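J.: To start, I am sharing the structure in question, which I have written as structure tokens.
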Amino acid sequence: MINAKHPTKRMRRLRSSSWIRGIVEENSVQINDLIWPVFVIDGKNTCESIASMPGVMRYSVDILVKEVKIAHELGIKAIALFPITSDNKKTADGRESYNSDNLMCRAIKSIKDAAFDIGIITDVALDPYTSHGHDGLVEGGKILNDPTVDILCKQALAQAHAGADIIAPSDMMDGRIGAIRQALDKDSFQDTMILSYAAKYASAFYGPFRDAVKTSGCLSGDKKTYQMNPANSDEALHEVAMDLNEGADMVMVKPAMAYLDIISRVKNEFKVPTFAYQVSGEYAMIRAACDNGWLDYDSAIMESMIGFKRAGADGVLTYFARDIANLLHK
Ligand code: PBG
């Protein structure tokens, strides 16, 4: 029987000083955990700010290479590239997505030419290239699955040819991982990795991203026929199982903060490399509170990171990546 006045077990003993807290610490954040998502735009020597993501920029390719170099010097192991396609190149069928000289491919090549050893993860989905802003082809108000997958394969191949290390399909079409794996293998890209956005939810937290990439069309909440219902978690396990079966090397859960249970279930069930994407709205939220003086920036971003690690994430895509890396160097 524990006597409240004289408990034999006192949990506070192991919190009594910094050194003992350090020794008994169960999880940690490392630079190895960080993946930096970056936005790239056309033009030269251009750097644009994004109203809903203070502190995040869109870079033209020349500046991008310099910024990626800084990330590399900080020890960040990979970046995730997102292009902003100019309006005159957007079409209903998103054909710019597989133009071998599109902005994405030029960005990949320029970073590869600069030859620093950093992984390049490329987004596969049609939304940056379509006039309607959807991730797939639209006919009669419906998103067509299989015809979209054919285009995604071409897009993935264009990116692989340009030098992408990891192809990351974020479109949520059924069967795309298997189709892309086959297309890559057929073209001798057996070594190109696939990171599947396996459990991607139809989330309100993507709002600022759609600003950042200047998504066309009016999309409020309207990706629900392909992205997952936030109410579901068993379904995430099915998605992950299928993508692994089809050849995904790594899987992702997205968004992150409101989906820690999903990260945890996926990691526990499959024990494969599992990534979390702390998305634009999560960035905007924390950033806005910090800019107003309502939260402390350094501790808030580190606490969000340790939460993802505790849940079981092996890596995190976060717009805070360079700031976290800087903090870890302190
Ligand atoms: C689209 C895509 C989205 C994000 C990454 N890829 C937005 C969407 O599905 O509408 C969101 C990332 C973020 O919010 O930071 N294929």
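The values are calculated or read from the model by the stated rules, or taken from the named source; none is laboratory data. Remember, it's a predicted structure, so these values are computed and weren't measured experimentally. Quick reminder, even Gly has a Cβ in these numbers, built from the backbone with ideal geometry, and neighbours come from all protein chains shown. Side chains included, ligands, DNA and RNA excluded: accessible areas come from the protein's heavy atoms. Shrake-Rupley method; radii C 1.70, N 1.55, O 1.52, S 1.80 Å.
J.: Across the range 76-125, what is the number of residues that are assigned to a strand (DSSP E or B) and closer than 19 Å to Y197 by Cβ?
T.: Residues that pass the stated criteria total 12.
J.: Out of (1) open to solvent by 10 Å² or more (accessible area, probe 1.4 Å); (2) touching a helix residue (DSSP H, G or I) at 6+ places or on another chain (Cβ under 8 Å); (3) not hydroxyl-bearing (S, T, Y); (4) not in a loop (DSSP other than H, G, I, E, B), the odd one out for Q155 is which?
T.: Just one mismatch for Q155, condition (1).
J.: Which of the residues spanning the range 289-330 are in contact with a strand residue (DSSP E or B) (Cβ under 8 Å, 6 or more places away or on another chain), open to solvent by 40 Å² or more (accessible area, probe 1.4 Å) and over 16 Å from M257 (Cα atoms)?
T.: Scanning the range 289-330 gives a single hit, R322.
For every residue, the table says whether it meets (1) within 26 Å of S233 (Cα to Cα); (2) in a loop (DSSP other than H, G, I, E, B).
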{"residue": "D127", "(1), (2)": "yes, yes"}
{"residue": "H134", "(1), (2)": "yes, yes"}
{"residue": "H161", "(1), (2)": "no, no"}
{"residue": "Y197", "(1), (2)": "yes, no"}
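J.: Condition check: open to solvent by less than 70 Å² (accessible area, probe 1.4 Å), more than 10 Å from the ligand (Cβ to nearest atom), closer than 18 Å to M250 by Cβ and at pLDDT 95 or above. Does A160 satisfy that?
T.: yes
J.: Only one of these is free of Cβ contacts under 8 Å to residues at least 60 places away in the same chain, farther than 21 Å from E25 by Cβ and touching a Leu at 6+ places or on another chain (Cβ under 7 Å): R265, R322. Name it.
T.: Unique residue meeting the criteria: R265.
J.: While we're looking at this one, here's another question. Which ones in the range 248-288 are surrounded by fewer than 24 Cβ atoms within 10 Å (Cβ to Cβ), more than 13 Å from the ligand (Cβ to nearest atom) and closer than 15 Å to S170 by Cα?
T.: D249, M250
J.: Please work out which residue is nearest to the ligand (Cβ to nearest atom), limiting yourself to the range 134-150 and to residues that are among the aliphatic types (A, V, I, L, M) and open to solvent by 20 Å² or more (accessible area, probe 1.4 Å).
T.: Ranking the qualifying residues of the range 134-150, first place goes to I143.
J.: Suppose the filter is away from the ligand (no atom under 14 Å from the Cβ), touching a helix residue (DSSP H, G or I) at 6+ places or on another chain (Cβ under 8 Å), part of a loop (DSSP other than H, G, I, E, B) and of a type in the set (D, E); does D174 pass it?
T.: yes
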